[in-house]
1. Only residues that are exposed (fewer than 15 other Cβ atoms within 10 Å of the Cβ), modelled with pLDDT of 95 or more and of a type in the set (A, V, I, L, M): list them for region 81-104, please.
2. Output the residues belonging to region 140-175 that are among the acidic types (D, E) and either open to solvent by 20 Å² or more (accessible area, probe 1.4 Å) or within 12 Å of A190 (Cα to Cα) (or both).
3. Condition test on G60, is it on the phi > 0 side of the Ramachandran plot, in contact with a helix residue (DSSP H, G or I) (Cβ under 9 Å, 6 or more places away or on another chain) and either surrounded by fewer than 16 Cβ atoms within 10 Å (Cβ to Cβ) or without any contact (Cβ under 8 Å) to a residue 24 or more places away in the chain (or both)?
4. Can you name the residue in region 118-139 that is open to solvent by less than 10 Å² (accessible area, probe 1.4 Å) and assigned to a loop (DSSP other than H, G, I, E, B) and, of all such residues, is farthest from D170 (Cα to Cα)?
5. Could you go through region 177-193 and let me know if any residue there is open to solvent by 30 Å² or more (accessible area, probe 1.4 Å) and under 18 Å from G90 (Cβ atoms).
6. Going through I12, I32 one at a time, which residue ends up being surrounded by 19 or more Cβ atoms within 10 Å (Cβ to Cβ), touching a residue at least 24 places away in the same chain (Cβ under 8 Å) and not acidic (D, E)?
7. So which residues in region 186-204 are without any contact (Cβ under 8 Å) to a residue 24 or more places away in the chain and closer than 13 Å to L144 by Cα?
Amino acid sequence: AVRVLGELAVPIVSEEAGLVGAASLDPAQPWISLDPLDGSRNFVNGYPVYATSMGLVQSGEPLAGFIADLASGYRWEAAAGAGATRDGRGIRTRRSALVAVPSPLTGATPLRQLPGFARVRISGSTASDLCHVAEGSIAAFFALDRPVVHVHDLAAAMVIVEEAGGCVVDRSGARPVLVPDAALYLDIVAACDRESALALIALV
């Protein structure tokens, strides 16, 4: 992935490789956030939810995103102002009875029941969960209890969710600013609309 994207001559921030293609990076210049395999534990164990995620970012804003579910073959993509698609067809968020959360950390407190939802889902792939929010099969993704989301999980998915009509916010209710730091944790909620996102934040 790094080799192919390197041909674009745009710096890459990868989960595995760190900063590639530049000695340093000014966040005001375009850069690519790359996660070659989101859901690596799923992949190793043969559980079919894992994806490649790549997003184009500039000045903290996601400009375009592409996520490929490597097990199902689904492809989600979006560009700012151009809408979001799955396999070439337009997608929209919607309210549903399902909410997704990240995998619990070892020794963490039990999962809470989130009001307004009938079931909680845990896939082990943040990028995939966010795409399901974008296409409407899941109403929200709640990651305020566990620090597990990084910029490479969010950069591509954020523009896909937003272009599908959804909302991504941090625990203060603000839109996250994406910085080229693969180690930084991001506390986020992604939901079908802003009202739903703010209702989830109010639970914290």
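The values are calculated or read from the model by the stated rules, or taken from the named source; none is laboratory data. Computed from a predicted structure; not experimentally measured. Neighbour counts are summed over all protein chains in view; Cβ atoms, including those assigned to glycine, are modelled from backbone coordinates with ideal geometry. Areas reflect the complete protein model, heavy atoms only, side chains present, ligands, DNA and RNA absent. Shrake-Rupley method; radii C 1.70, N 1.55, O 1.52, S 1.80 Å.
1. Selection gives A82 alone.
2. Our first condition is that a residue be among the acidic types (D, E); within region 140-175, this holds for 145, 153, 162-163, 170.
Within region 140-175, D145, E162, E163, D170 qualify.
3. Numbers: on the phi > 0 side of the Ramachandran plot: yes; in contact with a helix residue (DSSP H, G or I) (Cβ under 9 Å, 6 or more places away or on another chain): no; either surrounded by fewer than 16 Cβ atoms within 10 Å (Cβ to Cβ) or without any contact (Cβ under 8 Å) to a residue 24 or more places away in the chain (or both): yes.
Against the criterion (on the phi > 0 side of the Ramachandran plot, in contact with a helix residue (DSSP H, G or I) (Cβ under 9 Å, 6 or more places away or on another chain) and either surrounded by fewer than 16 Cβ atoms within 10 Å (Cβ to Cβ) or without any contact (Cβ under 8 Å) to a residue 24 or more places away in the chain (or both)), G60 does not qualify.
4. G136
5. Residues of region 177-193 that are open to solvent by 30 Å² or more (accessible area, probe 1.4 Å), as a first pass: 177, 179-181, 183-185, 187, 193.
Now narrow it down to the ones that are under 18 Å from G90 (Cβ atoms): 193.
Among the residues of region 177-193, at least one is open to solvent by 30 Å² or more (accessible area, probe 1.4 Å) and under 18 Å from G90 (Cβ atoms), which makes the answer yes.
6. Working: I12 fails: touching a residue at least 24 places away in the same chain (Cβ under 8 Å).
Testing whether each residue is surrounded by 19 or more Cβ atoms within 10 Å (Cβ to Cβ), touching a residue at least 24 places away in the same chain (Cβ under 8 Å) and not acidic (D, E) leaves just I32.
7. To start, the set of residues in region 186-204 that are without any contact (Cβ under 8 Å) to a residue 24 or more places away in the chain comprises 195, 202.
The one that is without any contact (Cβ under 8 Å) to a residue 24 or more places away in the chain and closer than 13 Å to L144 by Cα: A202.
Residue by residue, here is whether (1) touching a His at 6+ places or on another chain (Cβ under 7 Å); (2) touching a residue at least 40 places away in the same chain (Cβ under 8 Å); (3) more than 20 Å from A51 (Cα to Cα); (4) among the aliphatic types (A, V, I, L, M) holds:
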position	(1), (2), (3), (4)
S123	no, yes, no, no
C131	no, yes, no, no
D145	no, yes, yes, no
H152	no, yes, no, no
V159	no, yes, no, yes
V169	no, no, yes, yes
L184	yes, no, yes, yes
